[in-house]
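Engineer: This structure is in structure tokens; I'll ask about it shortly.
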Amino acid sequence: MLALFARDIRLNIRAGGGALTGVIFFLTVIATIPFGVGPDLKLLARIGPAILWIGALLSCLLGLDRLFQADREDGSLDLLVLGNDRHMLAVTVLVKCLAHWAGSVLPLVIAAPLLGLFMNMEPLGIGATALTLLVGTPAITFIGAAGAAVAVALPRGGLLISVLVLPLTIP
């Protein structure tokens, strides 16, 4: 399983800069919100955690369409599904989700404190938001895995994944 984790991390790094794309999109979301809300620093500080969470959620959705794509293309996904051991399939999905989280979503969590400064948040609020992102973003990845599994056979399933996953992640 460690080899699968390392393989998926390598694929994530090689496949079009998934982490960098997510962080740049996250930065774009955070940078454009003050234009819509206005220059009120107290308001930005008050809505900052919510904006960070929305940006992280949308950024997480960017790479979900590639979660099972490489395995489908090389045929290993078919072998896993047709195999007799369902526990192995569940463990494989767990490892793939953890690799996706570590390669694509963890950089967002690391970038969140810096982006919290852009929103004029207090240090305590930045820390609390970063901690909740660290705990909550794996859930987004696991929920997104269900959407990615549904859309893996579609050539352009990214939009479908977003439509399936977003309602499930809203409290």
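Engineer: Only one of (1) of a type in the set (Val, Ile, Thr); (2) at pLDDT below 85; (3) in contact with a Ser or Thr (Cβ under 7 Å, 6 or more places away or on another chain) fails for Val81. Which number is that?
Structural biologist: (3)
Engineer: So, in the stretch 108-124, of the ones that are among the hydrophobic types (A, V, I, L, M, F, W, C) and not in a helix (DSSP H, G or I), which residue ends up modelled with the lowest pLDDT? Show your work before the answer.
Structural biologist: Step one: list which residues in the stretch 108-124 are among the hydrophobic types (A, V, I, L, M, F, W, C), which gives 108-112, 114-115, 117-119, 121, 124.
Subsequent filtering for residues that are not in a helix (DSSP H, G or I) retains 119, 121.
Working: Met119: 91, Met121: 94.
Among those residues, the one meeting the criterion is Met119.
Engineer: Of all residues in the stretch 125-155, count the ones that are outside any helix (DSSP H, G or I) and either in contact (Cβ under 8 Å) with a residue 12 or more places away in the chain or small (Gly, Ala, Ser) (or both). Outline the logic, then answer.
Structural biologist: From the stretch 125-155, those outside any helix (DSSP H, G or I) are 152-155; that's our starting set.
Pick out the ones that are also either in contact (Cβ under 8 Å) with a residue 12 or more places away in the chain or small (Gly, Ala, Ser) (or both) and you get 152-153.
Residues flagged as outside any helix (DSSP H, G or I) and either in contact (Cβ under 8 Å) with a residue 12 or more places away in the chain or small (Gly, Ala, Ser) (or both) within the stretch 125-155 amount to 2.
Engineer: Working only within the stretch 86-114, note down all residues that are among the hydroxyl-bearing types (Ser, Thr, Tyr) and closer than 18 Å to Arg14 by Cβ. Quick ask: steps written out before the conclusion?
Structural biologist: Initial filter on the stretch 86-114 (among the hydroxyl-bearing types (Ser, Thr, Tyr)): 92, 104.
Answer for the stretch 86-114, where residues must be among the hydroxyl-bearing types (Ser, Thr, Tyr) and closer than 18 Å to Arg14 by Cβ: just Ser104.
Engineer: Working only within the stretch 14-33, note down all residues that are surrounded by 15 or more Cβ atoms within 10 Å (Cβ to Cβ) and touching a residue at least 60 places away in the same chain (Cβ under 8 Å).
Structural biologist: Hits for the stretch 14-33 are Gly18, Ala19, Gly22, Val23, Phe26, Leu27, Ile30, Ile33.
Engineer: Is it the case, given these coordinates, that Thr21 is of a type in the set (Val, Ile, Thr), modelled with pLDDT of 90 or more and assigned to a helix (DSSP H, G or I)?
Structural biologist: Working: of a type in the set (Val, Ile, Thr): yes; modelled with pLDDT of 90 or more: no; assigned to a helix (DSSP H, G or I): yes.
No: the conditions fail for Thr21.
Engineer: Determine if the stretch 6-13 includes at least one residue that is in contact (Cβ under 8 Å) with a residue 24 or more places away in the chain, buried (at least 19 other Cβ atoms within 10 Å of the Cβ) and part of a helix (DSSP H, G or I).
Structural biologist: yes
The values are calculated or read from the model by the stated rules, or taken from the named source; none is laboratory data. Nothing here was measured: the structure is a model prediction, and the numbers come from that model. Ideal geometry is used to build each Cβ from the backbone, glycine not excepted, and the neighbour counts take in all protein chains shown.
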